[in-house]
Each structure stands twice: as structure tokens, then as C-alpha cells.
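Quick notes on the structure that follows.
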Amino acid sequence: MRVDHFGTFLALRFSIPGVMATPFGKTADGVETQLGTNHLGHFVFVNRIAKLIKKGGRLVIVSSSGHRFSNVELNDPNFDATPYEPSIAYGRSKTANILFAVEFDRRHRGRGVRATAVHPGGIITELSRHMPAAAIEDWVRQVQEQGAAAGEPPFEFKSIPQGAATSVWAGVVASADEVGGKYCEDCHIAEVIPADSQLSAVSRGVRGYALDPENAKALWKKSEEMVGEPAA
């Protein structure tokens, strides 16, 4: 963890591991790996330090366009009753990231602390370590075919600095009221896309269920139950 002072800004920077498309497994606490790592770990850590975030602070949570794979499933979060699909589990965890930002923002904006979720874009990192090289190549081919059919420009991976740009924009450039409780991509607020819209793998936009305030409240309650402690 590192704390930097920039004039009137205090930036608290830390890194919490993330995973994608893992084989089925559970954390030491008995939670499905992707939900436990990508959401509940963040949920516990951030809420334990929430009181340290002073007025004017912002929480920027890294989500993904992968949230469009699935809404959260609060009745079966560990795939006890449904077959496990790596992409669906990843989608649930990324939707949970956005909903966490929505509810955290609602709970803390009254004291001048805001939260937002961002999609950094497609970047080559170790996040894809559980995906075989052939699977990544097939994914890129499908993306290019889908994009061409939709009249979209060819897909290109972002560099790591380009991928960090939206987090920086949402954290210190955009106004707090603009980004609070929202989902951002490519340094702007994402458009909410209808539930029946057909999207390519790299289309822009956010599904409405990921920003639904009642969905966010329900996830918060379920998360408290799963971790066994009340949150901020």
C-alpha cells in the first residue's frame, strides 16, 4: 500500500488480486473462487478502511465488459445448484464490482466520498493465465468477426498505460458528481444498453442490472452474510 499527497488530493493506492475464467474452486472461506477473489475480498478490505477515506475521496473499482456475461445470482452464488461455467462466474463477479460501487456511493456520498466502477479495456496481462493461448486466439478471431459484422473498427488490445487511463480519469479528472455511482469506459460514462440488445464482445455500454440500486442493496446484504460481518 502506498499513500501519495497531491495538493488537496490524497490518493490511496493498493492492489488486490483479480482472477478470470478459473477452473471451479473455492477460497479458504468456501466461496467460489472468482466471486470470492474479485468481489468479496474487495468488499471486506474496502469496508474495513472506509472510515479512513476523507471528504473528497473516491473509490475506483476495476470491473469489466465481462459483466455482460451474467447478472449476480444471489440464490446460488457458489454454483451449488447450477453447472459451473468459468465465463458466467467471471461475469457475476464483475457485475458485483459495479453493484458494490453503486451501493458504496449511495452510502458514503452524504459525507463527500464517491465511488465508481470502470472498464479498463482489453489488455494483455497475467489475468488471462487460466486461458490457453489457443482460446485467446479464438476469442480475438470471434471478436474481429463480430465487430466486422456490426460495422465496428478492428479490435486492438490497449497498452497498460491506455488501460489505466479510465481509472485515472474517474479518480481525479472527472467531477465527482459525474462519475459517482456510474460505470465508466474509455474515459467517459458508459451508456446503459437495453437488456435485449445483441452485443459483440467488445461493444461499449453497461447492462442495466449492474446499475440497479435495489440489486446493489441486495448484493450488499448477501455479501455481509457471506463474509460474516457488517459493512460500513
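Quick check on D105: is it in contact with a Lys or Arg (Cβ under 9 Å, 6 or more places away or on another chain), in a helix (DSSP H, G or I), farther than 26 Å from V72 by Cβ and modelled with pLDDT of 95 or more? In short, no. For A176, the stated conditions do not hold, so it cannot be described as under 15 Å from V60 (Cβ atoms), within 17 Å of the chain's Cα centre (by Cα) and surrounded by 15 or more Cβ atoms within 10 Å (Cβ to Cβ). Residues in the range 64-89 that are over 18 Å from A195 (Cβ atoms) and under 10 Å from the mean Cα position of the chain (by Cα): S64 alone.
Looking across the range 66-100, just one residue is of a type in the set (A, V, I, L, M), without any contact (Cβ under 8 Å) to a residue 60 or more places away in the chain and in contact with a Phe, Trp or Tyr (Cβ under 7 Å, 6 or more places away or on another chain), and that is I88.
Listed by first and then second residue, the pairs linking a residue in the range 17-29 that is in contact (Cβ under 8 Å) with a residue 24 or more places away in the chain to a residue that is among the hydroxyl-bearing types (S, T, Y) and assigned to a loop (DSSP other than H, G, I, E, B), with Cβ atoms under 7 Å apart and 6 or more places separating them unless they lie on different chains, are F24/Y84. When the helices (runs of 4 or more DSSP H) confined to the range 122-232 are screened for residues that are modelled with pLDDT under 95 and of a type outside the set (D, E), those reaching at least 1 such residues are found at 133-149, 160-168.
Return the residue satisfying two criteria in turn: it lies in the range 69-115 and is farther than 13 Å from A218 by Cβ and among the aromatic types (F, W, Y), and of such residues it is surrounded by the most Cβ atoms within 10 Å (Cβ to Cβ). Only one residue tops the list, namely F104.
The values are calculated or read from the model by the stated rules, or taken from the named source; none is laboratory data. This structure is a prediction, so every number in the text was calculated from the model and none was measured. Note: ideal-geometry Cβ built from the backbone for every residue, glycine included; neighbour counts use all protein chains shown.
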